[in-house]
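The values are calculated or read from the model by the stated rules, or taken from the named source; none is laboratory data. Because the structure is a prediction, the values reported are computed rather than measured. Cβ sites come from the backbone with ideal geometry, for glycine too, and all protein chains shown count toward neighbours.
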Amino acid sequence: MLGRTTLLVTGGLALAGFSVAFVLAQAFEPVGLLTPDDAEVIAVGQDIYANQCAICHGENLEGQPNWRIRGEDGLLPAPPHDATGHTWHHDDETLFTLTKFGLAGLMENAPPTGMPVYEGVLSDGEIITVLSFIKSTWPYDLREYHDELNAQSE
């Protein structure tokens, strides 16, 4: 009888442990297009960022000075992609579309911008790796907020 009770308790604990592990795995499953926890993706994205984006957005994602104030050319300087900017305010689809097609991909009669269009320059996968790299640098609370945005947009 003691053996059977022990077996039932052990089996119940194992099942409870599996259930907790399953729930945790679901809670931390990536939401959206980006994979900011994939080290290989991040390494590739960081290289592409350095070659394609850092010239305007900064080596450390810091953006250009006075990025909220239009320059003499009427264009806004490149914003930061770190926590001080607004990149994390936009879901994955919006970030992808903006990167691939520019503002014209998001709105009709888009105002002029200094942001180049990367359609035909970077593949969809390369755009996703760059955006994944950028997201990987954000603090946990911003990443969590960004995941919530993605969940709402699905």
Residue within region 49-57 that is touching a helix residue (DSSP H, G or I) at 6+ places or on another chain (Cβ under 7 Å), within 22 Å of Leu142 (Cβ to Cβ) and modelled with pLDDT of 50 or more present: yes
Residue match in region 106-124 (condition: of a type outside the set (A, V, I, L, M, F, W, C), in a helix (DSSP H, G or I) and without any contact (Cβ under 8 Å) to a residue 24 or more places away in the chain): no
Count of residues meeting criterion [under 14 Å from the mean Cα position of the chain (by Cα) and either part of a loop (DSSP other than H, G, I, E, B) or surrounded by fewer than 13 Cβ atoms within 10 Å (Cβ to Cβ) (or both)] in region 44-79: 1
Of all residues in region 99-130 being surrounded by 15 or more Cβ atoms within 10 Å (Cβ to Cβ) and of a type in the set (D, E, K, R), the one that is farthest from the chain's Cα centre (by Cα): Lys100
